[in-house]
Amino acid sequence: MNRRYLIPLALVALTLSAGCAGFFGSQSVSDEQLDEEPPSPYVWDNDVNAHITITENARFQAVYRVDGDSMELFRRDGFGGRNAIPVSAVRYRYPNGTVITGTEIRARGGAIDRSRSRVSVTFPNDTAGGQFAFTSSSTPKRFSLPAFVNGSYAVVLPPDRRVDVFPFGKVDPGGYEVVADGDQRIIRWESVETDAVSVQFYLQRDLLIFGGAAAVLAVVGAGGAFYYKRRIEALRERREALGLDVDAGDDEFDDGPPPGMG
């Protein structure tokens, strides 16, 4: 092979191998991400298997009761595949109340690795029966995530958000209750056995804005209909004034023969 092609081919091969390593392989989540401080303290003291707090900046904080030695964190795409979710402020809380960071999970024999399709978390051997927490990104006015654990769930909405009015609010799966806690609402399930939990919510003022817009559109529509009705009536009156709409006598359209042919 001509030597002038060797260097470009070598660069292409190096690029592809590096890309495949990131695409198919796994990478460790950085220590800085793992040990970040959470936006607000995790709600460790709860009575559910999964406690999720949605914040106003399209993020959420999740606390799960661990019932195994590992967990995979991901979102499903629209084609049935999986995509890893970004994680930060990783913590583990032992049953005795001791809390360790993500890097301490690694130091104690665990692992937290990220691939294209998932974040794989392996807990240390001495972590049975504790709680695992992390912070990640969400979507404005909508939270959706696979049910990483089964059992009881609680999703805390940001202040002044509601789910009562369809189609602005929608919760899946069914069988939930909404509990008021000051200006916040908590959606609770006694047991979630489905593959995912999804909550679409709205600001209370959104309904006022939508109602006002609907009222304006109704007034504009009524005004437009009245305007066009008046225009049609005015045109009819004008045609009548010009004699365009006057009915002709019967003789004008007599079916008899033409003149001179009778």
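Derivation of every value follows stated rules applied to the coordinates shown; laboratory data play no part. Because the structure is a prediction, the values reported are computed rather than measured. Cβ atoms come from the backbone with ideal geometry, glycine included; neighbour counts cover every protein chain shown.
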#### Entry: Förster radius 35 Å - calculated FRET efficiency between GLU37 and SER191 (Cβ-Cβ, nearest 0.05)
0.60
### Task
State, to one decimal in nm, how far the label point of GLU233 lies from the label point of PHE168, with both points 7 Å from Cα in the Cβ direction.
3.8
### Query
How high is the FRET efficiency between GLU177 and ASP126 when r is their beta carbon distance and R₀ equals 45 Å, given to the nearest 0.05?
0.80
### Largest-first principal axis extents, alpha carbons of region 55-169, Å
47, 34, 26
### Task
Please compute the net charge surrounding THR98, taking Lys and Arg as +1 and Asp and Glu as -1 over other residues with Cβ under 13 Å from its Cβ.
+1
